[in-house]
1. Report the label-to-label distance for residue 77 and residue 108 in nanometres (one decimal), using points 7 Å from each Cα along the Cα→Cβ vector.
2. For the pair residue 4 and residue 87, how long in nm is the line joining their label points, each one 7 Å along Cα→Cβ?
3. Determine the principal axes of the Cα atoms in the stretch 2-58, then give the extent along each, sorted from largest to smallest and rounded to whole angstroms.
4. Can you tally the net charge around residue 10? Count Lys and Arg as +1, Asp and Glu as -1, for every other residue whose Cβ sits under 12 Å from the Cβ of residue 10.
5. Using a cut-off of 9 Å between beta-carbons, work out the net charge of the residues near residue 35 (Lys and Arg +1, Asp and Glu -1, residue 35 not included).
Amino acid sequence: MTITHLDGTRKKAILLSRSTDTLRVAVEGENDSAILTLMNGTWITESCDPVAIEFEWQSCAKVRVPKVADCVCSKEDASRLIASLLNPGQEVATSEAVHVLSAAGLRVPLQPGEWLTQ
């Protein structure tokens, strides 16, 4: 979870326990656990400062899903890839790296020696 103070300071924390209107958290960089109390819809620290609480499941970033056109290569590139899969010991006759899409949708270059074989 992330705790945001009025001055904009953000601290990571781990939820240790929870009741209806209290949270006990371990705050990054602090030796003791802290208690946050819910008062009138606002979380309050032990020193009566209001804070905003954001749980990790609330801040899930959207992952870019690649379009079909991003995943299609030319016939020449496909032929090279298939040849390298069928004959893993032979180098592909090209000076360019092959690019694949990572889970985050980024283009990652792979050199022929980095390709998976079996």
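1. Here the modelled spin labels are 1.6 nm apart.
2. For residue 4 paired with residue 87, the spin-label model returns 5.8 nm.
3. Dimensions of the stretch 2-58 along the principal axes of its Cα atoms: 28, 26, 26 Å.
4. Surrounding charge for residue 10 is -1.
5. So the environment of residue 35 carries a net charge of 0.
The numbers here are math on the coordinates, done by the rules we state, and not lab data. Please read all numbers here as calculations on a predicted model, not as lab measurements. So basically every Cβ, Gly included, is an ideal-geometry build from the backbone, and we count neighbours across all protein chains shown.
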